[in-house]
Amino acid sequence: MAKVNLGWPVLRQLLGSDVLGRGVAARSKQTDATTARTETADRVAKSVCPYCAVGCGQQVFVKDEQVIQIEGDPDSPVSRGRLCPKGSASKNLVTSELRQTKVRYRRPFGTEWEDLDLDVAMEMIADRVVKARNDTWQDLDDQGHKVRRAMGIASLGGATLDNEENYLIKKLFTAMGAIQIENQARI
Amino acid sequence: MAEAHPVGFQWVMEAKARGAKVIHVDPRFTRTSALADTFVPLRVGTDIAFLGGIINYVLSNELDFREYVVAYTNAATIVSDQYVDTDDLDGLFSGFDPETRTYDAESWQYATQEKDGGDRQDHETQRETASGMQHETHGMSVDDDVLRDETLQHPNCVYQVLKRHFSRYTPEVVAQTCGVSEEQFLEVCEAWTQNSTRDRTTALVYSVGWTQHSVGVQYIRTGAILQLLLGNMGRPGGGIMALRGHASIQGSTDIPTLFNLLPGYLPMPNAADHQSLEQWIDATRNPGAKGFWSKADAYSISMLKAWWGEHATADNDYCFDYLPRITGDHGTYRTVLDMIDGKVKGYFLLGQNPAVGSAHGKAQRLGMANLDWLVVRDLFEIESATFWKDSPEVATGEIVPEECRTEVFLLPAASHVEKEGTFTQTHRMLQWREKAVEPPGDCRSELWFFFHLGRMIRERLAGSTDERDRPLLELTWDYPLLGETQDPDAEAVLKEINGYDVATGRPLSTFTEMETDGSTAGGCWIYTGVMKDGVNQAARRKPGRDQDWVAAEWGWTWPANRRTLYNRASADPEGRPWSERKAYVWWDEEQQRWAGHDVPDFEVTKPPSYRPDPGVDGIDGIAGDDPFIMQGDGKGGLYVPQGLLDGPLPTHYEPVESPFRNPIYGQQANPTRKEYPRQDNRMNPSPPEHGSEVFPYVFTTSRLTEHHTAGGMSRYVARLAELQPEMFIEVSPELAGERGLENGGWCHVVTARAAIEARVLVTERMTPLRVEGRTVHQVWLPYHWGTGGLVTGDSANDLLGISLDPNVLIQESKVGTCDVLPGRRPTGRAVLDLVTTYQERAGILGDRTVPIVTTGPGAAGDDEGDPTGGGGGAS
């Protein structure tokens, strides 16, 4: 009987070395049988939090090609392993059931979304860009200066994207003559 | 900072634990205030008066760091005797033209430089093209024969000009204007100055709400003047820290998806002024000027070479003519108004939600409802994709789905763990992210989308002989494609950004390797070095605990992996640390080179004793004791003769919407601001105009820790939606009493643009302030909500009109006036009727335009201003 009583966590805490009850006194068989999912991940990708511009380090744990956990990276001299509520929720961000994973299409005057294949959507968008470019092309401005541009195409966004992405966006739009290219830095 | 950048704030707490004093100045008591030593509540929009008061305290008590100020700033430089200050012109500087509301800056120049030292472009053109943003790194062009008085006694030296200009900002004026008690103001003055010495430095931290004012650039200038006077720039523990709010908003400014810039802060060519390659390059290079911009030809030609490869040759000016030209304001707000007017056909939204996040939400949504097509690329079904079916305008009948012609493509995007690439965080540091998993379903990266869109457009144009198609057909658009989805190789793109030797493909190690003969290519010169030695330096992850406190081997910081800019200023003119405690970079006499904890921001073998011969320009024109190497005189600009459109010195103007008359000058608000006077963009009237009493309260907005900007990455995330589930407005107990508002109940807020509703949070975190002898109530709203996501609510940004800073065309969205009423707002058309009633009461229905110039000849009737102050014409 005494042996059983000594197994009680509170007695282990009071009689043992772990007076604060934050170590061995708090452990049970169940604790010992539990493995953190971070330990059984297939791999860990080194990443960076996607929210604000502090740039906290993240470790992305992957198992069976699924993200199973995202934690702060203790190696980062920026964040020393810490994440704020948003950064801590970024696994929820990337695995949310609300994520849009299919192309949605709303035709002019439509009242509902429709399905559309990604390939078809890309072809349709390319057609529209070429047409808008031709329809709004200007070789010269009203003072006769060369402008070679198309004012019918605009874009907004970039602050949440990668440098490499912004580079291709600016490069392509500039080459096609679209100049109304903006992002959050103006806002 | 604790609220919106919590993990960065750990370093403030670390400093506090080591004895630093933390002062928080904010209209609202936040999580930052709770951890600060001192909290100073302030009237929104009065930051220049507050900081100007501190500058006055420094100058009138001669508490500046004199040796630093004389050697490293333009304090000793003599300003033209034609310059007339706002003090004498009732809030205008000399050279003002009330017709165009712009300045002729000739009288602002240094003495002897009046004719040739001015800006190349007139101020009207500069305002239209947000040239202040191009000036971000260009610096001033200064001839080397400027006059200096190192005793700082000459009445027209910058130091004395500054002293006179800021003398008006006494503790009494600060108290009257800002609503801050004189005692508390002086406590801040004493703390700041006592902590700024050879042995100690003070850091100024702002979040980018500071830029969202009609005088936003001048806010930051005021901070810069103060930090320069106190010797806090270029030194460890000092500086001005801009806390930016998106993971790579710094990167998207460096490699700009912005209308007026090309990568590395090169200007987008302007049709009238940049008709040749040489004119375009000279706009940045300023021939004859000193400093590192003298190599702008190499940076510019290398960029053209990166884009048009073998087609870019010396004979065709490296395809300079392939660049489209800007002719004025093509900023996002101008473009949205053009959408309403039917001038824009197609619009791309890339991870951005203007229906909620941009000022004047209704204008944003009505613009999108009048396009041929819209492509939204996002993680979720955000409001900017669904405006046609569930926006507030559908409820009011202003958008009828069956009549809305816009074709909408919602393309799902890959998340940050489903692609590889670099973000540039707020400290200019690039950090590479590894790809963890493949994106699900149709989700794709922007790299994929734009590469393949470009490929398909080029296929459609193949064989075209039309001149206009050559820039697309000859574009270098050939990147290795990886994996099943055929994603371009991001590292190959980063290599092009870094730059390479054209003949061998060897990545460049530093931008000084860039050539003007087309033998090098490089997409963004300030990023050269990120692929040094062919190694992806942004992917370096040597743990912080295994490095010193500078941690130079984690990621890569532009330029040249330099962690603190202008760090030459951390040593004295002779190259010795100002003190052992603050040693950072110094001249090593034995090695005859600069050494220290960081990469020196100076030519590494140029000794402190180096003096250029007269007439020497470029990098060689910078003396060995001139730390600000991007400026034409190598000195920090306390006074700025070029590059600013609203004055060479910051001066207090009221916000565009304010219940108060400017207590300092007859000129009410920034006279050079960019306005779009239209019936769908009415501004609430301010004094001296009648009607301001209809909107008696001041509102401001900001973020909550648990949400992110327009909510596109937080309201759809269950954990975060649960933590902050509902839109609310914070009001003081006094205002709640005045307006009959109940804690937990509903209220609605009305401006000339919109009426929105929110739950009431009555809290002492909002403090009524005494300003100009009466009480002002300020209210605070978060701006995260919209109609989509797990938690919905009205959008605070709907309350705003569009009025912009003249230098950078950023909107004033952190301050406005409003009325607050108990209960829920009306619904359907009735909400429009309510707003119309307010417009009517304020007298702004119809064609009435509110005068912008409120002093000088021709100004609107004003009993309080000084009509004798003049203000027109160049003197």
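Under 8 Å by Cβ, and 6 or more places apart or on different chains, what pairs join a residue from the range B:304-326 that is within 12 Å of chain A (Cβ to nearest Cβ) and outside any helix (DSSP H, G or I) with one that is polar (S, T, N, Q) and buried (at least 23 other Cβ atoms within 10 Å of the Cβ)?
Short answer, once both residue conditions are applied: B:Arg325/B:Asn270; B:Ile326/B:Thr129; B:Ile326/B:Asn260; B:Ile326/B:Asn270.
Identify, by number, the condition in (1) within 14 Å of chain A (Cβ to nearest Cβ); (2) outside any helix (DSSP H, G or I) that B:Asn797 doesn't meet.
(2)
Is there any pair linking a residue in the range A:148-175 that is touching a residue at least 40 places away in the same chain (Cβ under 8 Å) and in the same structural domain as A:Arg128 (by TED's automatic domain parsing) to one that is buried (at least 24 other Cβ atoms within 10 Å of the Cβ) and in a loop (DSSP other than H, G, I, E, B), with Cβ under 7 Å and at least six apart or on different chains, and which?
Cβ pairs passing all conditions: A:Thr160/A:Pro50; A:Thr160/B:His246; A:Thr160/B:Ala247; A:Thr160/B:Ser248; A:Thr160/B:Gly351.
Would you check if there is a residue in the range B:219-236 being free of Cβ contacts under 8 Å to residues at least 24 places away in the same chain and not in a helix (DSSP H, G or I)?
No: zero hits.
Kindly evaluate A:Asp139 against the criterion of being more than 7 Å from chain B (Cβ to nearest Cβ) and in a helix (DSSP H, G or I).
On the way: more than 7 Å from chain B (Cβ to nearest Cβ): yes; in a helix (DSSP H, G or I): no.
The answer is no for A:Asp139.
Is one or more of the residues making up the range B:298-311 crowded, with 21+ Cβ neighbours inside 10 Å and closer than 22 Å to B:Asn807 by Cβ?
So far as the range B:298-311 goes, no, none of its residues is crowded, with 21+ Cβ neighbours inside 10 Å and closer than 22 Å to B:Asn807 by Cβ.
Go through (1) surrounded by 13 or more Cβ atoms within 10 Å (Cβ to Cβ); (2) over 17 Å from B:Glu418 (Cα atoms) and name the single condition A:Ala33 misses.
Against the list (1) surrounded by 13 or more Cβ atoms within 10 Å (Cβ to Cβ); (2) over 17 Å from B:Glu418 (Cα atoms), A:Ala33 comes up short only on (1).
Among (1) surrounded by fewer than 19 Cβ atoms within 10 Å (Cβ to Cβ); (2) facing chain A (nearest Cβ under 7 Å); (3) not polar (S, T, N, Q), where does B:Gly397 come up short?
Failing condition for B:Gly397: (2).
Is it true that some residue in the range B:244-261 is among the hydroxyl-bearing types (Ser, Thr, Tyr), outside the structural domain of B:Gly421 (by TED's automatic domain parsing), farther than 18 Å from B:Phe50 by Cα and part of a loop (DSSP other than H, G, I, E, B)?
The first filter runs over the range B:244-261 and keeps only residues among the hydroxyl-bearing types (Ser, Thr, Tyr), leaving B:248, B:252-253, B:257.
Narrowing further to those that are outside the structural domain of B:Gly421 (by TED's automatic domain parsing): B:248, B:252-253, B:257.
Then drop every residue that is not farther than 18 Å from B:Phe50 by Cα, which leaves B:248, B:252-253, B:257.
Next, from what is left, pick out any that are part of a loop (DSSP other than H, G, I, E, B): B:248, B:257.
Looking through the range B:244-261, at least one residue is among the hydroxyl-bearing types (Ser, Thr, Tyr), outside the structural domain of B:Gly421 (by TED's automatic domain parsing), farther than 18 Å from B:Phe50 by Cα and part of a loop (DSSP other than H, G, I, E, B).
So which pairs qualify, if the first residue must be in the range B:810-834 and within 14 Å of chain A (Cβ to nearest Cβ), the second must be aromatic (Phe, Trp, Tyr), the Cβ gap must be under 9 Å, and the two must be at least 6 apart or on different chains?
B:Gln811/B:Tyr333; B:Ser813/B:Tyr783; B:Lys814/B:Trp210
Within the bounds of the range B:252-268, is there any residue that is under 25 Å from the mean Cα position of the chain (by Cα) and charged (D, E, K, R)? Explain how you work it out, then say what you get.
At the first step, the residues of the range B:252-268 found to be under 25 Å from the mean Cα position of the chain (by Cα) are B:252-268.
Adding the requirement that they be charged (D, E, K, R) leaves B:254.
Looking through the range B:252-268, at least one residue is under 25 Å from the mean Cα position of the chain (by Cα) and charged (D, E, K, R).
In the range B:666-694, what residues are within 30 Å of B:Glu106 (Cα to Cα), under 26 Å from the mean Cα position of the chain (by Cα) and not aliphatic (A, V, I, L, M)?
Filtering the range B:666-694 for residues within 30 Å of B:Glu106 (Cα to Cα) gives B:666-677.
Now narrow it down to the ones that are under 26 Å from the mean Cα position of the chain (by Cα): B:667-677.
Listed by number, the residues that qualify are B:Gln667, B:Gln668, B:Asn670, B:Pro671, B:Thr672, B:Arg673, B:Lys674, B:Glu675, B:Tyr676, B:Pro677.
So for the range B:766-781 (the condition being at pLDDT 95 or above, in a loop (DSSP other than H, G, I, E, B) and crowded, with 22+ Cβ neighbours inside 10 Å), does at least one residue qualify?
no
Considering every residue within the range B:813-822, establish whether at least one is at pLDDT 95 or above, closer than 28 Å to B:Val394 by Cβ and not in a strand (DSSP E or B).
yes
Could you tell me whether the range A:42-58 includes any residue that is in contact with a strand residue (DSSP E or B) (Cβ under 6 Å, 6 or more places away or on another chain), surrounded by 19 or more Cβ atoms within 10 Å (Cβ to Cβ), more than 23 Å from A:Gly158 (Cβ to Cβ) and not small (Gly, Ala, Ser)?
No, there is no match, as no residue in the range A:42-58 is in contact with a strand residue (DSSP E or B) (Cβ under 6 Å, 6 or more places away or on another chain), surrounded by 19 or more Cβ atoms within 10 Å (Cβ to Cβ), more than 23 Å from A:Gly158 (Cβ to Cβ) and not small (Gly, Ala, Ser).
Name every residue in the range A:67-86 that is facing chain B (nearest Cβ under 7 Å), of a type outside the set (Val, Ile, Thr) and at negative phi, in order of residue number. Break it down stepwise before answering.
Here is the first cut: in the range A:67-86, the ones facing chain B (nearest Cβ under 7 Å) are A:67, A:75-77, A:79-80, A:82-86.
This time we only want the ones that are of a type outside the set (Val, Ile, Thr), so: A:75-77, A:79-80, A:82-86.
Scanning the range A:67-86 gives A:Asp75, A:Ser76, A:Pro77, A:Ser79, A:Arg82, A:Leu83, A:Cys84, A:Pro85, A:Lys86.
Of all residues in the range B:420-432, which are under 12 Å from A:Val48 (Cα atoms) and not in a strand (DSSP E or B)?
B:Glu420, B:Gln425
Which of the residues belonging to the range B:515-547 are charged (D, E, K, R) and more than 10 Å from chain A (Cβ to nearest Cβ)? Spell out how you get there, then give the answer.
Of all residues in the range B:515-547, those charged (D, E, K, R) come to B:515, B:517, B:532-533, B:540-542, B:545-546.
B:Glu515, B:Asp517, B:Lys532, B:Asp533, B:Arg540, listed by residue number.
Which one is surrounded by the most Cβ atoms within 10 Å (Cβ to Cβ) among residues in the range B:224-255 that are more than 7 Å from chain A (Cβ to nearest Cβ) and among the small types (Gly, Ala, Ser)?
My answer is B:Gly231.
Restricting the search to the range A:142-187, which residues are assigned to a strand (DSSP E or B) and more than 7 Å from every other protein chain (Cβ to nearest Cβ)?
A:Ala150 - this is the single residue of the range A:142-187 that is assigned to a strand (DSSP E or B) and more than 7 Å from every other protein chain (Cβ to nearest Cβ).
Looking only at the range B:327-376, count how many residues are more than 10 Å from chain A (Cβ to nearest Cβ), assigned to a helix (DSSP H, G or I) and closer than 24 Å to A:Lys131 by Cβ.
Looking only at that region, the number is 4.
Please go through the range B:7-39 and give me each residue that is in a loop (DSSP other than H, G, I, E, B), touching a Lys or Arg at 6+ places or on another chain (Cβ under 8 Å) and over 19 Å from B:Cys189 (Cα atoms), ordered by number.
Residues of the range B:7-39 that are in a loop (DSSP other than H, G, I, E, B), as a first pass: B:7-8, B:18-22, B:27, B:29-30, B:36-37.
Then drop every residue that is not touching a Lys or Arg at 6+ places or on another chain (Cβ under 8 Å), which leaves B:7, B:22, B:27, B:29-30, B:37.
Across the range B:7-39, the qualifying residues are B:Val7, B:Phe29, B:Thr30.
Among the residues of the range A:118-133, are any within 29 Å of the chain's Cα centre (by Cα), in a loop (DSSP other than H, G, I, E, B), facing another protein chain (nearest Cβ under 7 Å) and over 18 Å from A:Ser47 (Cβ atoms)?
Within the range A:118-133, not a single residue is within 29 Å of the chain's Cα centre (by Cα), in a loop (DSSP other than H, G, I, E, B), facing another protein chain (nearest Cβ under 7 Å) and over 18 Å from A:Ser47 (Cβ atoms).
Which one of these does B:Asn743 not meet: (1) touching a strand residue (DSSP E or B) at 6+ places or on another chain (Cβ under 6 Å); (2) of a type outside the set (Ser, Thr, Tyr); (3) part of a strand (DSSP E or B)?
So B:Asn743 meets the others, but not (3).
Report whether or not B:Gly505 is under 30 Å from A:Val94 (Cα atoms) and either assigned to a loop (DSSP other than H, G, I, E, B) or modelled with pLDDT under 95 (or both). If you could, list the steps in order and put the result at the bottom.
Numbers: under 30 Å from A:Val94 (Cα atoms): no; either assigned to a loop (DSSP other than H, G, I, E, B) or modelled with pLDDT under 95 (or both): yes.
Taking the combined requirement at face value, the residue does not satisfy it.
Residues of the range B:508-545 being farther than 19 Å from B:Lys435 by Cβ, part of a helix (DSSP H, G or I) and not aliphatic (A, V, I, L, M), which ones?
B:Phe511, B:Thr512, B:Glu513, B:Trp525, B:Tyr527, B:Lys532, B:Asp533, B:Gly534, B:Gly544, B:Arg545
Being at the interface with another protein chain (Cβ under 7 Å from one of its Cβ atoms), within 30 Å of B:Val208 (Cα to Cα) and small (Gly, Ala, Ser) is the filter here, so list the residues in the range A:34-61 that pass it.
Across the range A:34-61, the qualifying residues are A:Ser47, A:Ala53, A:Gly55.
The values are calculated or read from the model by the stated rules, or taken from the named source; none is laboratory data. Model, not experiment: these values are computed from the prediction. Positions of Cβ are generated from backbone atoms using ideal geometry, with glycine treated the same way; all protein chains shown enter the neighbour counts.
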